[in-house]
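Q: Dropping a structure here in C-alpha cells format, bear with me for questions.
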Amino acid sequence: MCQPLREEIDQGKEDLDEKVRARWAALEAAISTFIVGGYITDKLVKQLQPPKFEHWELISRAPKPSLRVFGRFAMPDVFVGTHVKPRKGLGGMYSPQFEHEKLVCEDHWEAAGLPADGYFSDPPLFRYESYITENASRKVRVPE
C-alpha cells in the first residue's frame with residue numbers, strides 16, 4: 001500500500017461521522033479479503049481497460065458512496081494500492097476523470113520507489129488468474 005492510500009484510510013477512520021467511518025472500515029475489510037486469500041472476482045478486484053496499461057481497481061461498493069482503490073500488481077498475488085477515490089466523481093469508463101486517476105496511480109507508483117516498468121504483466125492475454133493465482137476467477141458462473 002502506498003503512503004497516500006494509507007493516509008486516506010487513516011483519515012477516513014478518524015472522521016466524526018459514523019457513516020464515513022463505516023465506509024472506510026468496509027474498504028479495509030475489502031482489502032483484507034484480498035490479503036487473507038478470500039475468493040476474488042472482478043466484483044472486488046477489476047482490471048481497467050485497456051489491459052495493456054496494467055491499471056486495476058479494488059472496489060468497495062457498500063456503504064454508499066462506493067470507493068475505488070487504484071493500483072497495479074508488482075507480481076502475481078501482490079497488488080499495490082496507490083490511492084482511493086469515491087466512484088461518484090469518476091464519471092464513466094474512459095472519462096477524463098477516470099483516465100486522470102490512472103495517471104495519478106502511475107505517479108504514486110513511482111513516488112513509492114517502484115520502477116515505472118516494474119509492474120507485473122501478462123500480455124497478450126492479460127488472464128485474470130495470472131495476477132491472482134489462487135481463489136480467483138474473473139466471473140463466477142452459477143449453474144442453472
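Q: Just the residues that are of a type in the set (A, V, I, L, M) and outside any helix (DSSP H, G or I), please, taken from the stretch 1-10.
A: If the condition is that a residue be of a type in the set (A, V, I, L, M) and outside any helix (DSSP H, G or I), then Met1 is the only one that fits.
Q: Looking only at the stretch 12-52, which residues are more than 21 Å from Ala136 (Cα to Cα), touching a helix residue (DSSP H, G or I) at 6+ places or on another chain (Cβ under 9 Å) and either in contact (Cβ under 8 Å) with a residue 12 or more places away in the chain or surrounded by 15 or more Cβ atoms within 10 Å (Cβ to Cβ) (or both)?
A: Passing the criteria: Gly12, Lys13, Val20, Arg23, Trp24, Ala25.
Q: Within the stretch 80-129, which residues are touching a residue at least 24 places away in the same chain (Cβ under 8 Å), exposed (fewer than 12 other Cβ atoms within 10 Å of the Cβ) and touching a Lys or Arg at 6+ places or on another chain (Cβ under 9 Å)?
A: Of everything in the stretch 80-129, just one residue is touching a residue at least 24 places away in the same chain (Cβ under 8 Å), exposed (fewer than 12 other Cβ atoms within 10 Å of the Cβ) and touching a Lys or Arg at 6+ places or on another chain (Cβ under 9 Å), namely Pro123.
Q: Got a number for residues in the stretch 11-68 being part of a helix (DSSP H, G or I) and β-branched (Val, Ile, Thr)?
A: Of the residues in that region, 4 qualify.
Q: Of all residues in the stretch 91-113, count the ones that are in a loop (DSSP other than H, G, I, E, B) and within 17 Å of the chain's Cα centre (by Cα).
A: So the count comes out to 5.
Since every read-out is calculated from the coordinates, none of them should be taken as a lab result. These figures come from a predicted structure and were not determined experimentally. Virtual Cβ from ideal backbone geometry, glycine too; neighbours counted across all protein chains shown.
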